[in-house]
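Every number here is computed from the coordinates shown, using simple stated rules; none is lab data. Remember, predicted model here, so these are calculated numbers, not experimental data. No Cβ is skipped: glycine too gets one built from the backbone with ideal geometry, and neighbour counts run over all protein chains shown.
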Ligand SMILES: [Zn+2]
Ligand SMILES: [Zn+2]
């Protein structure tokens, strides 16, 4: 078998059959893992966002106010970002592997973590959606990591998951840009593809960095008069 066929074949098998009871991060096998796909030790290394944090973007705060300086200076088009983990250490490596190392099946582990997290929170939404990739990028990567998690959540929560936003411009990757250039880079990049008056939307993304992507997506949805927009990411 050529290397490429082998790679594609094993990727496909993994996508359909990640082995139950095994930790996708370290490979440890234990019956208690079940369909969580993560062992207790690896999960313990994911650091939760705890304590006093910004009520809009969840950034940990050292001062006594409710909103961080960034959210005051750049008002957000979404209501709030929900996110369970700090983007550091093991979870950071896991997310990078999920996005860049052809591990689409990680959505099972990460989707399950998001599912457990969202069940604990009192939020009301009618539709789940996700940050879209431009079609060229999706073709290259083979999958949209946020879409896979959103669909998993939709199934588990029995809430419709729909493609609501399109990325109409193929932009530079945001992680290579400074904050002010991120906003310019994404201006007019997203377009709502459906009329959604008075609906509450949950948009899933992988990581919250400066919030530019989720904010631009939210702006496109506000143009079609949605009610409230919430964001959900694995880490920030
Ligand atoms: Zn493990
Ligand atoms: Zn904030």
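Label point of residue 86 set 7 angstrom out along Cα-Cβ; within the stretch 27-56, amide nitrogens under 15 Å from it belong to 44-54. Can you classify the stretch 51-235 as rounded, prolate or oblate using the Cα gyration tensor, where a ≥ b ≥ c are the square roots of its eigenvalues, rounded means a/c under 1.5, and otherwise it's prolate if a/b beats b/c and oblate if not? It is rounded, given that a/c, with a ≥ b ≥ c, falls under 1.5. Taking only the alpha carbons of the stretch 26-92, we obtain Rg and Dmax values of 16.2, 49 Å in that order.
Secondary structure note: in the chain, about 25% of the DSSP beta bridges are antiparallel.
If R0 is taken as 35 Å, the Cβ-Cβ distance between residue 140 and residue 64 corresponds to a FRET efficiency of 0.15. Which residue fluctuates most in the GNM of the chain (Cα springs below 10 Å): 62, 203, 95? Sorting by GNM fluctuation, first place goes to 62. GNM on the chain, alpha-carbon springs under 10 angstrom: the most fluctuating residue among 209, 63, 189 is 63. Rounded to the nearest 10 degrees, the angle from helix 107-119 to the longest Cα principal axis of the chain is 50 degrees.
So what's the back-of-envelope 222 nm ellipticity for the chain, counting only DSSP H runs of four-plus at -39500 (n - 2.57) apiece and dividing by all residues, rounded to 500?
-11000 deg cm²/dmol
With both residues required to sit in the stretch 115-236, DSSP beta bridges show an antiparallel share near 20%. Under the classification rounded if a/c is under 1.5, otherwise prolate if a/b is larger than b/c and oblate if not, where does the stretch 129-210 fall, given a ≥ b ≥ c as square roots of the Cα gyration tensor eigenvalues? Prolate. Helix 145-157 and the longest principal axis of the Cα set of the chain meet at an angle near 90°.
If I stretch the segment between residue 43 and residue 187 completely, what's the gain in nm (0.36 nm per residue apart, minus their alpha carbon distance), one decimal? Spell out each step's value before the answer.
Working: separation 144, 0.36 × 144 = 51.84 nm, distance 3.68 nm.
Difference between extended and current length: 48.2 nm.
The simple Förster model, with R0 at 22 Å and r as the Cβ-Cβ distance, assigns residue 122 and residue 227 a FRET efficiency of 0.85.
The ellipsoid equivalent to the alpha-carbon distribution of the stretch 14-61 has semi-axes of 31, 12, 8 angstrom, derived from the gyration tensor eigenvalues as √(5λ) and listed largest first. Of the residues 91, 69, 201, which exhibits the maximal mean-square fluctuation in a Gaussian network model of the chain defined by a 10 Å Cα contact cut-off? Among 91, 69, 201, the largest GNM mean-square fluctuation belongs to 69.
Here the gap between residue 175 and residue 52, fully extended at 0.36 nm per residue and compared with their Cα-Cα distance, gives a gain of 41.6 nm.
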